[in-house]
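One structure is given here, and the rest of the page talks about it.
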Amino acid sequence: MEQKTNRVKTRFLNFRFASKPAIDESIENDACAADLPGHQKPLGKLAIVEGAGRGKCFALTHKTASRIGRGDNQEIQLAFGDNSVSRTSHATIVYYGEHYGFLIRDGRKANPVFLNGRALSQDEYLVNGDLIRVGETTLRFTAFSNRKPS
């Protein structure tokens, strides 16, 4: 004889077991320019799209180099609780003028810097939409000029 069980069946809708959450692009805005002194116009921005500090935006200006780290003296200060980011110069974004654009440099710390999923082994030019991972924090680079490195 067959016995019937009172088992409850559960169905998960839109549940993905092995996928990573998509990066929410709606958190990126131009509010980072509001913090600039005077009438400076930013040349680009870095927006935290994943990790501690998600939603925070940093303007990139005419200043030659912007150091990324947790310390108070860093131009791009990632002091949001991600201790895998070095205090000083974990990475540096360098602006080489309107003809060359922006370049990223790894600070050769214990945790490497990743550009679009690849560990940086040398300096590389940045293009719109590049994803930079420093520690457990991912930033999206946006340039406000259409110029590309030659």
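Values in this text are rule-based calculations from the coordinates and carry no lab data. Keep in mind the model is a prediction, meaning the values are calculated, not measured. In this analysis, Cβ positions are derived from the backbone assuming ideal geometry, glycine residues included, and neighbour counts consider all displayed protein chains.
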Task: Charge dipole (debye, nearest 20) of the range 67-121; +1 at Cβ of Lys and Arg, -1 at Cβ of Asp and Glu - done: 240
TODO: Show the residues, 5+ positions off or on another chain, whose built amide H is closer than 5 Å to the amide H of Leu60.
DONE: Leu43, Gly44, Lys45, Leu46
- [ ] Let me know the shape class of the range 47-143, please: from the alpha-carbon gyration tensor, a ≥ b ≥ c as square roots of the eigenvalues, rounded when a/c is under 1.5, otherwise prolate if a/b is greater than b/c, or oblate.
- [x] rounded
Task: Phi to ³J(HN,Hα) by Karplus 6.51 cos²θ - 1.76 cosθ + 1.60 over the range 109-124, Hz, x for Gly, Pro - done: 8, 4, 9, x, 9, 10, 10, 6, x, 10, 5, 6, 10, 7, 5, 9
Task: Cut-off 12 Å between beta-carbons: net charge of the residues surrounding Asp82, Lys and Arg +1, Asp and Glu -1 - done: +3
TODO: Output the peptides 87-93, 52-58, 97-103 sorted from most to least packed, where packing is the average of other Cβ atoms within 10 Å over each peptide's residues.
DONE: 87-93, 52-58, 97-103
- [ ] Tell me the label-point distance for the pair Asp82, Asn111, using the 7 Å Cα-to-Cβ offset, in nm and rounded to one decimal.
- [x] 0.7
